[in-house]
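Trainee: Got a structure for you, written out below as C-alpha cells; questions coming shortly.
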Amino acid sequence: MPQIIILAAGKGTRMKSDTPKVLHTLCDKSMIHYIIGESQKITSSIDVILAHKFEDVKNKIEKTGVRIHKQNLEKHPGTGGALKEIPFIEDKILILNGDMPLITAKEIEKFFGIDADVVMSIMKLDNPHGYGRVVIEDGNVKKIVEQKDANEEELKIPYVNAGVYMFKKEVLKKYIPLLDNNNAQKEYYLTDIIEMAVKDGLKVKALEVNEEDFKGINSKKDLAEAEKIMCNRIKEKWMQNGVIMRLPDTIFIDAQSEFEGECEIESGCVIKKSKIINSKIKANSIIEEAIINKSEIGPMARIRPKSEIIDSKIGNFVEVKASKLNDVKAGHLSYLGDSEIDSGTNIGAGTITCNYDGKAKYKTKIGKNVFIGSDTQLIAPVVIEDDVIIAAGSTVNKDVPKGSLAISRAPLKIVKEFYYKFFGKK
Ligand code: UD1
Ligand code: MG
C-alpha cells in the first residue's frame with residue numbers, strides 16, 4: 001500500500017479570500033474533499049498537512065479518517081517545509097498539492113506504475129505563467145526553477161512542474177532534512193529535491209500529464225475554470241446514466257446530487273444536494289436539498305431545502321420550502337413553506353402559507369382532496385382536513401374540518417354608471 005501526502009497548509013494568498021484555499025468549492029464540494037476522495041480509492045494511508053486556519057480545515061475533513069498534521073509555517077514555510085515533521089511510512093510515497101481538485105485516482109495510479117526513485121509530473125503549456133519551470137537537458141530532467149527564481153531564459157521554458165511526485169521513502173528521508181530556504185520566497189521548496197537527486201545519480205523520471213486533470217488552483221479565475229470542468233464531468237456521468245439534459249452547458253448540477261430512473265433536466269436549471277427520481281425538471285428551475293420523485297417541476301420553480309415532492313406537479317413561480325407534497329398540483333405563483341399536503345389536493349394560483357409571524361415559524365397541514373381557491377392565505381399554524389373547499393381570496397386563520405367550505409370575503413358592491421361619472425364619456 002502506498003502513502004499519499006496532501007499539502008494543504010499554504011495561505012493561498014492569490015485567492016484573495018478569508019476562506020482557506022482548499023475549502024473553496026467546485027460544484028459545492030471543497031477541493032480538499034475531492035482530493036481525499038480520489039486518494040482513498042488508492043490507499044488508506046493518507047496524510048494531510050494543514051496550518052493556515054488549521055481548526056477550520058481540520059473540522060471539515062476529520063470525518064474522512066485521514067491523518068492530520070500541522071505545519072510550522074513560521075519555522076519551515078514552503079512545500080518542502082511542509083514535509084519536515086511528517087513520518088514517511090510506506091515504501092512509495094506520493095505527494096499531491098491540495099489545490100488540484102481535478103486530479104483522478106486513474107492519473108495518480110500511473111505514478112506507481114513507473115520504476116524510478118522519483119517520478120515527477122510535467123506538462124507542456126502555451127502559458128506556463130505561475131508554475132515552476134522544468135529544466136530538461138538531453139531529454140533528462142535537471143531541476144525545477146520556481147517562477148519567482150527563474151531567469152529570462154528559464155521563464156521561456158514551456159515545461160512546467162504539475163505538482164505531483166512519487167518518491168521512494170529513502171529519498172524523502174535523505175533529502176527533506178537537506179532542503180534550505182535560499183530563494184526568492186525564503187521558503188523550503190520540495191522541488192529542490194529533484195536537482196539534488198539528479199546530481200546524486202538517482203533514477204528521476206518525468207511523467208507527462210494533461211493540463212486538465214493537474215490544473216492547480218491559485219486564483220478565483222482558476223477556480224471558475226476548474227468548476228466548469230468539474231460540472232461537465234458530473235453532467236457527463238449522469239447523462240451516461242440515462243439522464244436527458246437540454247442544453248447541458250446552461251445546467252448546474254453539484255457533486256452531491258443524484259438521479260435515478262428516467263429524468264429530464266431542461267436548460268438553465270440549478271440542482272444542488274438533491275435526489276431526483278423519474279422526474280422532469282423544466283427550464284430555469286432551482287432545486288436545493290430536496291427529494292423529487294415521479295414529479296414535474298417548473299418551468300421557473302424554486303424548491304428549497306428539506307422538501308419532498310412525490311407524484312406532484314409544481315408549476316411556474318411556485319416556491320416550496322421544507323414541505324412534503326404527495327400527489328399535489330400547485331400550478332402557479334405560490335409559496336408553500338413548512339407544510340404537509342396530501343393526495344388529490346389542488347393549490348390555486350397565488351396561495352400563500354403564511355408560516356412566519358415575525359417571531360417563529362409554524363406548520364400548515366392540508367389533507368386529501370382539498371381544493372384551495374386562488375389567492376388564499378393560510379395563516380399557520382393551521383390544519384385543513386380532507387375534502388375541503390377554500391373559496392378564492394380567503395384568509396384562513398382557523399382549522400377547517402373535513403368536508404366543509406371555508407370562505408372569507410368582503411361582499412362585492414356594484415355601482416352602476418360609476419365609470420362615466422369618474423372619467424366622463426369618451
Ligand atoms: C507549486 C510548485 C510549482 C508547481 C506548482 C503546481 C513548489 C515550491 N512549487 O507551486 O513548481 O509548478 O505547485 O501547481 O512546490 N503548501 C503547504 N505548505 C506551504 C506552502 C504550500 O502545505 O508552506 C501547499 C499549499 O496549500 C498548496 C500546495 O502546497 O496546496 C502548493 O502550494 P502553492 O503555494 O500553490 O504552490 P505553487 O506556487 O502553485
Ligand atoms: Mg499552486
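Trainee: So K205 passes all but one of these: (1) outside any strand (DSSP E or B); (2) surrounded by fewer than 21 Cβ atoms within 10 Å (Cβ to Cβ); (3) not hydroxyl-bearing (S, T, Y). Which condition number does it fail?
Mentor: (1)
Trainee: Also: Mind checking which residues of the range 67-83 are closer than 13 Å to A8 by Cα and in a loop (DSSP other than H, G, I, E, B)?
Mentor: Once the filter is applied, which keeps residues that are closer than 13 Å to A8 by Cα and in a loop (DSSP other than H, G, I, E, B), the range 67-83 yields Q71, N72, L73, P77, G78, T79, G80.
Trainee: Here's something else I'd like to know. Go through the range 393-426 and count every residue that is hydrophobic (A, V, I, L, M, F, W, C) and farther than 20 Å from S334 by Cβ.
Mentor: 8
Trainee: I'm told K365 meets every condition in (1) assigned to a loop (DSSP other than H, G, I, E, B); (2) under 12 Å from V400 (Cα atoms); (3) not polar (S, T, N, Q) except one. Can you identify the failing condition by its number?
Mentor: So K365 meets the others, but not (1).
Trainee: Cβ contacts < 6 Å: first residue within 30 Å of K11 (Cβ to Cβ), restricted to the range 219-243; second residue among the polar types (S, T, N, Q) and part of a helix (DSSP H, G or I), any location; separation 6+ or different chain. Result?
Mentor: none
Trainee: Is at least one residue of the range 116-126 within 16 Å of ligand 2 (Cβ to nearest atom), within 19 Å of L202 (Cβ to Cβ) and not hydrophobic (A, V, I, L, M, F, W, C)?
Mentor: yes
Trainee: I'm trying to understand the selection: among the residues of the range 84-115, which are charged (D, E, K, R) and more than 15 Å from ligand 2 (Cβ to nearest atom)?
Mentor: The answer is K84, E85, E90, D91, K92, K106, E107, E109, K110, D115.
Trainee: Of these, S404, S394, S408, which one is modelled with pLDDT of 95 or more, assigned by TED's automatic domain parsing to the domain that holds G350, over 41 Å from the mean Cα position of the chain (by Cα) and surrounded by 15 or more Cβ atoms within 10 Å (Cβ to Cβ)?
Mentor: After applying the criteria, what remains is S394.
Trainee: Here is a follow-up. Look at the range 350-404 and say how many of its residues are among the polar types (S, T, N, Q) and out of contact with any Asp or Glu (no Cβ under 9 Å at 6 or more places or on another chain).
Mentor: 5
Trainee: Might you let me know whether the range 55-65 holds any residue that is within 16 Å of ligand 2 (Cβ to nearest atom), of a type outside the set (A, V, I, L, M, F, W, C) and either outside any strand (DSSP E or B) or at pLDDT 95 or above (or both)?
Mentor: Taking every residue of the range 55-65 in turn, none turns out to be within 16 Å of ligand 2 (Cβ to nearest atom), of a type outside the set (A, V, I, L, M, F, W, C) and either outside any strand (DSSP E or B) or at pLDDT 95 or above (or both).
Here's the yes/no breakdown for (1) crowded, with 24+ Cβ neighbours inside 10 Å; (2) within 28 Å of E90 (Cβ to Cβ):
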residue	(1), (2)
A9	yes, yes
K16	no, no
H24	no, no
H33	no, yes
S39	yes, yes
D47	no, yes
H52	no, yes
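Trainee: Which of the residues that make up the range 330-344 are among the hydrophobic types (A, V, I, L, M, F, W, C), on the phi < 0 side of the Ramachandran plot and in contact with a Gly (Cβ under 9 Å, 6 or more places away or on another chain)?
Mentor: A330, I341, listed by residue number.
Trainee: Scan the range 30-66 residue by residue and report those that are closer than 10 Å to P20 by Cβ and basic (K, R).
Mentor: Listed by number, the residues that qualify are K53, K60.
Trainee: Here's another thing I want to ask about it. When the residues of the range 155-194 are filtered to those that are in a helix (DSSP H, G or I) and crowded, with 18+ Cβ neighbours inside 10 Å, which remaining residue is farthest from ligand 1 (Cβ to nearest atom)?
Mentor: V171
The values are calculated or read from the model by the stated rules, or taken from the named source; none is laboratory data. No experiment lies behind these values; they were computed from the predicted model shown. Don't worry about glycine lacking a Cβ; one is built from the backbone with ideal geometry, like all the others, and counts go over all protein chains shown.
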